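Read through the structure below, which is laid out as structure tokens, and then see the notes.
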Amino acid sequence: MLLRRFGQVLALLGLLVIEAPAIALSIGMLTLSLAVGMVFLFPPQVMMVRRLAGLNRRLVKEWTGVGIEPPYLPEPPPPVPQADGMYRSDRTLYKTPRVPAWNNRWKWLISDPATWRDLAWLALDPAVKVALMPLFVLVPERGLRVYAFWSELLLGATAASRLASQVSHLKRTRNLAADSQAAEMRRIERDLHDGTQARLVAIGMTLGAVEQLVDDDPSAAKALLSKAREASSDTLTELRRLIRGIHPPVLAERGLADAVRALAIDSPMQVTVDVDLPHRPEAPVEAAVYFAVSELLSNAARHGDARSATVDISSDGPNLRVTVTDDGMGGADPAKGSGLSGIERRLAAFDGVLALHSPPGGPTTVTLGLPRVLPEHWAGKVPKMPRWKAALIILLWGTAWCPTFPQGFVAGIFKIFDVDEKTWFLALYMPEAWQWPVIVGMILLGTLMYVMAFWLSNHHRERWYERVLPTRLSC
């Protein structure tokens, strides 16, 4: 172990061979880009320093176990053309996105505080390593720990960078959800136009023909009415199918478990369903899981030639996990348009992920993970109240009445009406100057005991809110 630590220290010091010329090169490139105007040198200089900083983060994590989260702001999205096909950068219009993209990248790099923190780390790192030489020689493990703290101080993420990353992630998931919803609306519109609308037009034409034949040829009119009735029945069936595709009634009425079991009954395969959820998830989560399972079972039957499948839906605290396995031929690939990419877009709205294992020849296993979509108390994760706390609450609730009412309010009433009977009221046995302070003190003591009992009894609920509210907001 000691020899390995010394080897890590030597490797860390050996990086000075790379850092020294990198410092000189960075100073030269920054001078030329900012002072002389050769701005095209700035992006490669920043990326060079970021690669060195990334190497340092990886080494620190491997050698000390201290993970340093990158602090960089999200990269700007590619320029989007206007309605006229031109690309805008500030007040200037361009025919191609090349210049606006370069300008956005320049602003991103120069305005990111992590750019200058990386540069400060690179400039000071050799001096820090020299200052830590005694620790590196005498106690190398402690020296590496101190160096990890130094690296995390300058190279770690900040609250602003984390917030910016979260905002960028929310924008991406919002766009994915909007794209998925738009695609769903186009599908519904296409189904209505190609199916239901055409049938309704045909029924209208049939009824028009009936109007012309009802007097001259009643038998032909009756035959056409019979066809119109059959067409209306087919239209109604198609509308019901379309409604099930939007949001199945069984899902809204019976919940996810029964809706998935209904899918299993309608599937041409032999499907086994195992659902272990103490309570129903929220409606958007149920819909996402339902349509994902529906798509997976459909793929297994149509593309995988599967004969049987299993669906397992379970929870792990606030996390929802869905596993669909079939005995088909395997070889599923999201890039082949098998609907898996659509499932990924649907799950992205909940920070969900899709894991696929589908070797040629099968079997195919698809695992869907939706983090923090279930309240933790569903899984029985709320810690039990300690016995001492429960006993203290019982004691407070059981005794708070005594100083509040008999020794407080009742004694005050006796004092106001100058009742001679003192009984066991403590304040009335005090000297005259102390009676009212004692009465008020008793009332305050009893009120404080009630407040303490109420606060302690709600302490677990407040802790639950602290865990669940971020989950609700993230969903």
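Please treat every number below as a calculation from the coordinates, not as lab data. Everything numeric here is computed off the predicted structure, so don't read it as measured data. No Cβ is skipped: glycine too gets one built from the backbone with ideal geometry, and neighbour counts run over all protein chains shown.
Here the calculated FRET efficiency for W436 and L395, from their Cβ-Cβ distance with R0 = 30 Å, stands at 0.60, rounded to the nearest 0.05.
Using only alpha carbons, the chain has a radius of gyration to Kirkwood radius ratio (Rg to Rh) of 1.16. Peptide packing for 84-92, 209-217 was compared via the average number of neighbouring C-beta atoms within 10 Å per residue; ordered from the highest value, the list is 209-217, 84-92. Applying the Karplus relation 6.51 cos²θ - 1.76 cosθ + 1.60 with θ = phi - 60° to region 41-46 yields 3J(HN,Hα) values of 7, 5, x, x, 5, 5 Hz, where x marks Gly and Pro. A228 sits among other residues whose Cβ lies under 12 Å from its own Cβ, and their net charge, with Lys and Arg +1 and Asp and Glu -1, is +1. With both labels modelled 7 Å from their Cα along Cα-to-Cβ, the T237 to V130 distance reads 8.7 nm. Here's how it looks for A349: its modeled amide H is under 5 Å from none belonging to a residue 5 or more places away or on a different chain. Helix-only arithmetic for the chain: the sum of -39500 (n - 2.57) across DSSP H runs with n ≥ 4, divided by the residue total, places the mean residue ellipticity at 222 nm at -20500 deg cm²/dmol. Only Cα pairs under 8 Å and 6+ residues apart enter the sum, and on that basis the relative contact order of the chain stands at 9 percent.
From least to most packed, judged by other beta carbons within 10 angstrom and beginning with the fewest, E286, E238 follow the order E238, E286. The packing ranking, built from the mean of other Cβ atoms within 10 Å per residue, places the peptides 415-423, 251-259, 361-369 in the order 361-369, 251-259, 415-423, highest first. Based on the alpha-carbon gyration tensor of region 254-379 and its eigenvalue square roots a ≥ b ≥ c, which shape applies: rounded if a/c is under 1.5, prolate if not and a/b is larger than b/c, or oblate? The shape class here is prolate. With both residues required to sit in the chain, DSSP beta bridges show an antiparallel share near 75%.
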